[in-house]
Structures are given as structure tokens and as C-alpha cells.
Amino acid sequence: MSRQLSGRNLSIQHGAEVRLTYPDFSWPAGTHLALTGPSGTGKTSLLNAVAGLLRPSTGQLCYGEHDLTALSEAGRDAFRRREVGYVFQDFHLMPGLSAQENVELGLRVAGVRNAGALAQTALRRLDLAGRLQSKPWQLSTGERQRVAIARAVAHRPGLLLVDEPTAHLDRERAAGAMSLLREVATELGATLVVVTHDEAVALSLPEHFRIRGAS
């Protein structure tokens, strides 16, 4: 099955006055892309629509055979659990859980079997074998980000969505994070979409999509 991601005539309404509009797009499976544009133009809103977290106000958004704009909320939830890995800007790790438990939790919510073994595999793949039982407060910023990436990719999604991955990192660690994200996405054959204000991050990705803003 083709896993092309495409959008046509998309807009997202926020309140009575703000309407975000988007150029049409069609991205083949495996695309690595920077999603850019000024603040307030709807980059994260588009990422959330692709993830099934919100429904566009107009237009059609499709991933392979899935018309995301036609799915119910429950259908979008099921799609997200199967197909989407999302790395949030602030990581969204549960503070009382270990690194392994954070990754396991995401797998269990998705209904994946062998959650413990898969969580360990993902964390070891990201050089966190020695940090499986560490709580988020015991980890460096870069380690917390790698736990968040492990949680996003442990179920081998077709879509890897990342919001401002370098916001909390210095330049050297930012370059390392982008290299890691691209490596993992390539290994999975996943489409990688990265929201960024960082020109260096945008330039590190082969494809670019710039949003013009609200109407």
C-alpha cells in the first residue's frame, strides 16, 4: 500500500478570527522534510492534523488509503496509535516513570504486545541501555529527548512527526539529534516531518515546505 501523505485545500480554524490556510502538498513515503514559516502560521497545527489530533476545517488530508478528514475521533485515535510517532517539543515524559516505563506506556496504549522487550530494544538502539530504570529528572536534556524518540518509534510508525527538536539543545547536540532522527526514520522507511524555526535544521533536511500564514 502506498503511504503517500497529501493535503488539498486545507484550512484550520482557531476561534472566530484566525483561519490558517495551507498550500497543497503531496509527499511520497520516506520523505524527510522541514516544515517552516513565521511564528503563528500554523506549523504545529498542521502537524497535529497529520497526527489525527485535530480535524481540518476544510479540505482533504490523506495518508495512503486513510482519508483523515473523514475519520471519526475514535478512528483518528486508532490511526495515530498504529501509524504515528510524535516527538513533542517538551518531550511529555511521565516524571514518575522510568525511561523504559515511559516507552512501554506508549506501546501499551497502542495495544502492542511484548511492550517491555520492544521498549528495551528501542532504548538500546538509541544508546540508552544504561538508563532504562532512570527517571526523567535523572537524565540530561539530550537523554530525555532520546527517550521521547524511542517512545515515538518503538511501534515502527510510518509517520514520524517532530516539533522543534533542537529548541532545548546547543548546536552540537542539535546536529546530533537531527542525524539520529534521520537515521531512525530511514531505518523505518518512515516519512519524517520536522517543524523548525532553526535554519540549520531546515538546511539539514532535503525537502522543505513553507507555510504562508493565516487568512
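The values are calculated or read from the model by the stated rules, or taken from the named source; none is laboratory data. Worth saying up front: this structure is predicted, and the values here are computed from it rather than measured. In this analysis, Cβ positions are derived from the backbone assuming ideal geometry, glycine residues included, and neighbour counts consider all displayed protein chains.
Six or more apart or on different chains, Cβ atoms under 8 Å: show the pairs whose first residue is in region 39-59 and closer than 15 Å to Val84 by Cα and free of Cβ contacts under 8 Å to residues at least 60 places away in the same chain and whose second is assigned to a helix (DSSP H, G or I) and not basic (Lys, Arg).
Hits for this filter: Ala49/Leu68; Gly52/Leu68; Gly52/Asp77; Gly52/Phe79; Leu54/Ser45; Leu54/Asn48.
When you scan region 61-71, do you find a residue that is in a strand (DSSP E or B), of a type outside the set (Val, Ile, Thr), within 20 Å of Val194 (Cα to Cα) and over 16 Å from the mean Cα position of the chain (by Cα), even just one?
yes
Residue-by-condition table, conditions (1) acidic (Asp, Glu); (2) within 30 Å of Leu139 (Cα to Cα); (3) out of contact with any strand residue (DSSP E or B) (no Cβ under 9 Å at 6 or more places or on another chain):
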| site | (1), (2), (3) |
| --- | --- |
| Trp27 | no, no, no |
| Gly30 | no, no, no |
| Ala34 | no, yes, no |
| Ala51 | no, yes, no |
| Pro56 | no, no, no |
| Arg82 | no, yes, yes |
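Considering region 185-202 alone, what residues qualify as being more than 16 Å from the chain's Cα centre (by Cα) and in contact (Cβ under 8 Å) with a residue 12 or more places away in the chain?
Asp198, Ala200
Quick check on my filter: what residues within region 86-131 are charged (D, E, K, R) and either out of contact with any Gly (no Cβ under 9 Å at 6 or more places or on another chain) or surrounded by fewer than 15 Cβ atoms within 10 Å (Cβ to Cβ) (or both)?
Selection gives Asp90, Glu101, Arg108, Arg113, Arg124, Arg125, Asp127, Arg131.
Within region 18-41, is even one residue of a type in the set (Lys, Arg), at pLDDT below 95 and either touching a Ser or Thr at 6+ places or on another chain (Cβ under 6 Å) or assigned to a loop (DSSP other than H, G, I, E, B) (or both)?
Yes, region 18-41 contains at least one residue that is of a type in the set (Lys, Arg), at pLDDT below 95 and either touching a Ser or Thr at 6+ places or on another chain (Cβ under 6 Å) or assigned to a loop (DSSP other than H, G, I, E, B) (or both).
Here are Pro28, Pro38, Pro56: which of them is surrounded by 15 or more Cβ atoms within 10 Å (Cβ to Cβ), farther than 22 Å from Arg151 by Cα and more than 16 Å from the chain's Cα centre (by Cα)?
It is Pro56.
Restrict the check to region 106-113 and report whether at least one residue is over 30 Å from Gln138 (Cα atoms), of a type outside the set (Ser, Thr, Tyr) and over 15 Å from the mean Cα position of the chain (by Cα).
Within region 106-113 (the criterion being over 30 Å from Gln138 (Cα atoms), of a type outside the set (Ser, Thr, Tyr) and over 15 Å from the mean Cα position of the chain (by Cα)), the answer is no, since none of the residues qualifies.
Taking Leu107 as meeting all but one of (1) in contact with a His (Cβ under 9 Å, 6 or more places away or on another chain); (2) part of a loop (DSSP other than H, G, I, E, B); (3) not aromatic (Phe, Trp, Tyr), write down the number of the exception.
For Leu107, the failing item is (2).
Which of the residues belonging to region 143-157 are out of contact with any Lys or Arg (no Cβ under 8 Å at 6 or more places or on another chain) and of a type in the set (Gly, Ala, Ser)?
Selection gives Ala148, Ala152, Ala154.
Which residue is surrounded by the fewest Cβ atoms within 10 Å (Cβ to Cβ), if the candidates are limited to region 173-214 and must be of a type in the set (Lys, Arg) and under 14 Å from Leu33 (Cα atoms)?
Arg210
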